[in-house]
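Heads up: the structure comes next, in structure tokens.
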Amino acid sequence: MINRDRLVNSFLDMVRIDSLTRQERGMADYLLKTLKEMGFEPYEDDTGAKIGGNAGNVICRVPGIPGKPALLLMAHMDTVAPGIGKKPVVDGDLIRSDGTTVLGGDDAAGIAVILETVRAIREDGLPHGDLYLVFTVAEEGGLFGARNLDISKIPADFAFIMDDEGPIATAAVKAPFYNRFKATFIGRAAHAGLEPEKGLNAILLASKALAELPHMGRIDEESTSNIGIINGGIARNIVSETCVVEGEVRSIHEDRLEKYTREILDHIRAVTEKLGGRVEIEVERMYPGYHLEETSPIIRILKDAAQKAGLPLNLHATGGGSDTNVINGYGIPAVDISVGMDRVHSTEERIRISDMEKACRFLEAIIATALTYSR
């Protein structure tokens, strides 16, 4: 049976741990200790060293019935700023931030739900297949923990990432492919007061190239683009030689992603070269998209589990990225499931205890339902 007090205490313990991206050491140590006390043999991988962080992903196998589908249960350890010195406030059924920092329910709530569900099914003797618990670092801003995960050590058939918002039994089954790009505009430096005509202002090159981009904001129902960072110049009296622009393109459809990215960058090159400047462009695929059909086994598991838990299932598309994108890219069908987070990434962040309890019951139903499916 789900233990409400234990669930709440575990969540509050984790929320109080400072765990910004690449600074997850305290959270990793807490999880390693907790999992060992639960009777498991968790380990930490070498992702921290690879990404310049102080902790790696925490991974743990919970042995189950051989031959049954193995499940990956996943959440991330890092939180966004302001996230130092978090002080959760319990107000009846609601747990909220004190208003000076984020709460950190994104994604301590996901971790707490996984831990409590595993505790409950073990105590109740409920049968299950192998469960692989993975708690990643540096999800926020780059999915770096998942991207550096050695998936060969996690032979899962299905994955359930506990990191979504909305009513319980909400699941993101469609998410975009994502390209980031960096354009370095190169002009000519000159003294702005003595001989400005000898210069070519890179900031001006960038502004003219960006002014009439073929795609910006909402491109179509399932595609977006944005310019998020501009840096240029070193002094007011120097014609700027360089200006760096960083942007992104997202689309549920990979062909549209590539088309829109190409058209944006071709436009930037053409305008810059016409004005006599140069531009150096870098493009990186940050993560793949995914689109799970309603007839796929993992969606059938969700439908059966929601019915078993007495919850209305809400399948939706998201415009954001999560570890779910990366896991689908590895070839493991994965969905992102709500744990009841609300107003995340803000100092008004909050979550209902009753929603976390429902999330545990839904996850418990997923684990039980998966037993009825063949590998």
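Relative to the Cα centre, the charge distribution of the range 243-345, modelled as +1 at Lys and Arg Cβ and -1 at Asp and Glu Cβ, gives a dipole magnitude of about 220 debye. Each distinct pair of alpha carbons in the range 193-254 adds a 1/r term; the inverse of their mean, the Kirkwood radius, is 13.6 Å. Each listed q (0.08, 0.20, 0.21 Å⁻¹) maps to a log10 I(q)/I(0) for the range 126-278, found by the Debye formula over equal Cα scatterers with no solvent: -0.39, -1.21, -1.27. Largest first, the three principal axis extents of the alpha carbons in the range 230-313 are 69, 27, 17 Å in whole numbers. For the range 74-206, carbon and sulfur atoms together expose 54% of the accessible surface, with a 1.4 angstrom probe and every protein chain in place. For the chain, a Gaussian network of Cα nodes joined below 10 Å ranks Asn325, Asn231, Asn148 by mean-square fluctuation, and the top entry is Asn231.
If the segment from Glu221 to Glu254 were pulled out straight at 0.36 nm per residue, it would be longer than the present Cα-Cα gap by 10.5 nm. Taking a point 7 Å out from the Cα of Arg4 in the direction of its Cβ, the residues of the range 278-314 whose backbone N falls within less than 20 Å of it are 309-311.
Between Ala317 and Glu246, what is the FRET efficiency for a Förster distance of 25 Å, r being their Cβ-Cβ separation, to the nearest 0.05? Show your work: numbers first, answer last.
Values: r = 25 Å, r/R0 = 1.02.
Calculated transfer efficiency: 0.45.
Full extension of the chain segment joining Lys36 with Ala49 gains 2.4 nm, where the gain is 0.36 nm per residue of separation less the Cα-Cα distance.
With 0.36 nm allotted per residue and the present C-alpha distance subtracted, the Asp13-Ala270 stretch has 87.0 nm of extension available. If I take every Cα pair under 8 Å that is 6 or more residues apart in the range 322-375, average their sequence separation and divide by the length, what percent do I get for the relative contact order? It comes to 21 percent, rounded to a whole number.
The shape of the range 57-114 can be summarised by an equivalent ellipsoid whose semi-axes, obtained from the alpha carbon gyration tensor, come to 32, 14, 7 Å from longest to shortest. For the options Ala146, Ala309, Ala209, a Gaussian network treatment of the chain with springs between C-alpha atoms closer than 10 Å singles out Ala209 as fluctuating the most. Relative intensity of the chain on a log10 scale, I(q)/I(0) at q = 0.06, 0.13 Å⁻¹, equals -0.27, -1.02, per a Debye sum over C-alpha point scatterers of equal strength in the absence of solvent.
Report the antiparallel proportion of the DSSP beta bridges in the chain as a percent, rounded to a multiple of 5. Walk me through the numbers before you get to the answer.
On the way: 51 of 72 bridges.
Antiparallel bridges: around 70 percent, rounded to the nearest 5.
Gaussian network model of the chain, Cα springs within a sub-10 Å range: biggest mean-square fluctuation belongs to which of Gly310, Gly92, Gly110? Maximum fluctuation in the GNM of the chain, among the listed residues, is at Gly92.
If you take the square roots of the eigenvalues of the alpha-carbon gyration tensor of the range 41-200 and sort them as a ≥ b ≥ c, do you get rounded (a/c under 1.5), prolate (a/b over b/c) or oblate?
The shape class here is prolate.
Note that the range 143-231, at 20 °C in a medium of 1.002 mPa s, gets a Stokes-Einstein diffusion coefficient of 116 µm²/s from its Kirkwood radius over C-alpha pairs.
Looking at the range 167-292, the accessible area is 52 square angstrom per residue; that uses a 1.4 Å probe and ignores ligands, DNA and RNA. Cross-linked pairs Lys153/Lys174; Lys153/Lys358; Lys87/Lys358; Lys198/Lys274; Lys153/Lys182; Lys50/Lys182: Cα-Cα separations exceed 28 Å for Lys153/Lys358; Lys153/Lys182.
Considering Cα pairs under 8 angstrom that are at least six residues apart, work out the relative contact order of the chain and quote it in whole percent.
Values: 899 pairs, mean separation 86.7, N = 375.
This gives 23 percent for the chain.
Computed from the alpha carbon positions, the gyration tensor of the range 1-53 leads to an equivalent ellipsoid with semi-axes of 24, 15, 7 Å, biggest first.
The values are calculated or read from the model by the stated rules, or taken from the named source; none is laboratory data. These numbers come from a predicted model, not from an experiment. Don't worry about glycine lacking a Cβ; one is built from the backbone with ideal geometry, like all the others, and counts go over all protein chains shown. With ligands, DNA and RNA removed, areas are computed over all heavy atoms of the protein, side chains included. Shrake-Rupley method; radii C 1.70, N 1.55, O 1.52, S 1.80 Å.
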